[in-house]
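Chemist: To start, I am sharing the structure in question, which I have written as structure tokens.
The values are calculated or read from the model by the stated rules, or taken from the named source; none is laboratory data. Every value quoted in this text rests on a predicted model; they were computed, and no experiment measured them. Glycine gets a Cβ as well: all are built from the backbone with ideal geometry, and neighbour counts include every protein chain shown. Side chains are part of the model used for accessible areas, which takes the heavy atoms of the whole protein and leaves out ligands, DNA and RNA. Shrake-Rupley method; radii C 1.70, N 1.55, O 1.52, S 1.80 Å.
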Amino acid sequence: MTDRIHLSASDVTDAEIDAVVAAMRSGWVAPVGPDVNAFEDDLAAYCGRTRCVALSSGTAALHLGLLALGVGPGDRVATATMTFAATANAITYVGAEPVFVDCDDSATMSPQLLERALADQPIRAVIPVDLFGKVADHDAIAAIAAHHGIPVLSDAAESLGATRAGRSAAAYGAAAAVSFNGNKIMTTSGGGALLTDDPELADRVRYLATQARQPVIHYEHTDIGYNYRLSNVLAALGRAQLERLPAMLGRRREIRRGYVDLFAAVPGVSVFGEPSGEIDSPTHDNWWLSSVLVDPAVAGFTAEGLRVALAGADIEARPLWKPMHQQPVFAGSAAVLDGTSDRLFATGLSLPSGSVMSDADITRVHDVITAFVSGRAVDAAS
Ligand SMILES: *Cc1c(COP(=O)(O)O)cnc(C)c1O
């Protein structure tokens, strides 16, 4: 009996356990404390931002980011249809409506289709998403948004550690949201942060995240607040993870390269995402998830067939995010589409990518894929 191999399991070592225990022994078992402050400073420096607010989730960062940018009831916010539901949900939390924009072949928001969405209707803000750790074309998106005089809130929940043109993923936009959920590139078990260079925006988010308490002794409130701060204990875990982030990125990159080599000999299958960037090159993924696109007519099998074969060996693989315009809950929302996300959803499969995978785990995954693919090749030949 072997253990199940997950898509992206959390990668926690004794360093993290020691850090959490030390935080608890310090007495700072609260949503304030020295680890929260230090984690914010370290994250801001890592991302090339001047301000960071540590929060209870990436979703909370998106929610408060929208509020701080003044987005409210009746507003429309353009976002990527190819994303996790949290992005679109946050838009509805402030009473606004999402307008879904299709991706291009990179799986991130198409700037051309964003232009079209902006031509069709008044839009108050844009939330691009760095899908699977691949940084969106932020320069093009920022230029379009600036032309229309609207702010960009970047959903960098999946892209911490990635860069584009030498700039950290979380350094794009008026503000960027990152996530430390258990399956993300680094974790605080649950948590997130908002990064920005705007001191007022950071102060506003910090204020809203701490129940909108006025700075007086008797709990005076002039706004509706939220309880969205990250706990000091979890910030200690985050600090230890951030130190190990370069090593975890390196491991995910090795896993990506392994898939690139494995599938090089398989016609009809392409590894999705940037395969070969060095960790110190100006543009690189964070290699959070490695995915393949399968053309069944050429490959002789479907992405779903490969998924079932892996599941049979207790290995988790999953389709890419189901586009928001296909979700029943967003059935009535406006959308500007060209079919790209539908195609990616129909033909894509994310493979085990976690930095915690051992060499033996990687070999096991490769062996199952190789056996499945060669079985199909034999079927096709006979
Ligand atoms: C994970 C994720 C989020 C939400 O982050 P949480 O910390 O889980 O709330 C938002 N957007 C995207 C694209 C994500 O992948």
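Chemist: Given the DSSP H assignment, sum -39500 (n - 2.57) over each helix run of at least 4 residues in the chain and divide by its residue total; what's the result at 222 nm in deg cm²/dmol, nearest 500?
Modeler: Value at 222 nm, helices only: -13000 deg cm²/dmol.
Chemist: Sticking with this structure for a sec: Can you pull the semi-axes for the stretch 33-103, root of five times each eigenvalue of the Cα gyration tensor, sorted largest first, whole Å?
Modeler: They are 27, 14, 10 Å, listed from largest to smallest.
Chemist: Using a Gaussian network model of the chain with C-alpha springs under 10 Å, which one of Arg253, Arg206, Arg364 is most mobile by mean-square fluctuation?
Modeler: So, out of Arg253, Arg206, Arg364, the one fluctuating most is Arg364.
Chemist: I want the local charge near Thr2. Using Cβ-Cβ distances under 15 Å, sum +1 for each Lys or Arg and -1 for each Asp or Glu among the other residues. Each step should come with its number before you reach the end.
Modeler: Working: positive: Arg4, Arg364; negative: Asp3, Asp314, Glu316, Asp359, Asp361, Asp367.
That sum, taken over residues with Cβ under 15 Å, equals -4.
Chemist: Next up: Normalised radius of gyration for the stretch 139-255, please: alpha carbon Rg relative to 2.2 N^0.38 Å, two decimal places.
Modeler: The stretch 139-255 yields a ratio of 1.25.
Chemist: Taking the Kirkwood radius as the inverse of the mean 1/r across Cα pairs, report the Rg/Rh of the chain.
Modeler: Rg divided by Rh gives 0.99.
Chemist: Taking 7 Å along the Cα-to-C-beta vector as the label spot, tell me the Asp197-Ala313 distance in nanometres, rounded to one decimal.
Modeler: So the label points at Asp197 and Ala313 sit 4.7 nm apart.
Chemist: Please give me the summed charge of the neighbours of Ala44: other residues whose Cβ is under 12 Å from its Cβ, Lys and Arg +1, Asp and Glu -1.
Modeler: -2
Chemist: With the convex hull built on the Cα atoms of the stretch 74-207, state its orientation-averaged projected area in nm².
Modeler: 8.0 nm²
Chemist: More than 28 angstrom separation, counting every C-alpha pair in the stretch 14-241; what % is that?
Modeler: For the stretch 14-241, the share of Cα pairs beyond 28 Å comes to 28 percent.
Chemist: Let me ask something else. Quick check: residue separation of Asp18 and Arg343 times 0.36 nm, minus the Cα distance between them. What number comes out in nm?
Modeler: Value of the extension gain: 112.4 nm.
Chemist: Quick one: if the Förster radius is 30 Å, what FRET efficiency do Glu220 and Asn183 give, using the C-beta to C-beta distance and rounding to 0.05?
Modeler: 0.15
Chemist: Below 15 angstrom from the Cβ of Pro151, what's the summed charge of the other residues (Lys, Arg +1; Asp, Glu -1)?
Modeler: -2
Chemist: Compute the accessible area per residue over the chain, keeping the other protein chains in place, probe 1.4 Å, unit Å².
Modeler: Computed with neighbouring chains in place, this is 41 Å² per residue.
Chemist: With N denoting the number of residues in the stretch 191-304, provide Rg(C-alpha) divided by 2.2 N^0.38 Å, to two decimal places. Provide the component values of the computation, followed by the final result.
Modeler: Numbers: Rg = 22.3 Å, N = 114, 2.2 N^0.38 = 13.3 Å.
Relative to the rule-of-thumb radius for its length, the stretch 191-304 sits at 1.68.
Chemist: Hey, what did the chain get for relative contact order, percent, Cα under 8 Å, at least 6 apart?
Modeler: With pairs under 8 Å counted, the relative contact order is 23 percent.
Chemist: With springs only between Cα atoms under 10 Å apart, run a GNM on the chain and tell me which of Ala371, Ala174, Ala125 wobbles the most.
Modeler: Among Ala371, Ala174, Ala125, the largest mean-square fluctuation in the Gaussian network model of the chain belongs to Ala371.
Chemist: How long are the semi-axes of the equivalent ellipsoid of the stretch 96-175, defined as square roots of 5 times the Cα gyration tensor eigenvalues? Whole Å, largest first.
Modeler: 20, 13, 11
Chemist: Oh, and also: P(r) for the stretch 74-115: what percent of alpha-carbon pairs falls in each 10 Å bin, starting at zero?
Modeler: In whole percents, the pair-distance histogram is 33, 50, 16, 1.
Chemist: Let me ask another. Compute for the stretch 245-381: radius of gyration divided by Kirkwood radius, i.e. Rg/Rh, restricted to C-alpha atoms, rounded to two decimals. Provide the component values of the computation, followed by the final result.
Modeler: On the way: Rg = 16.1 Å, Rh = 16.1 Å.
That ratio equals 1.00.
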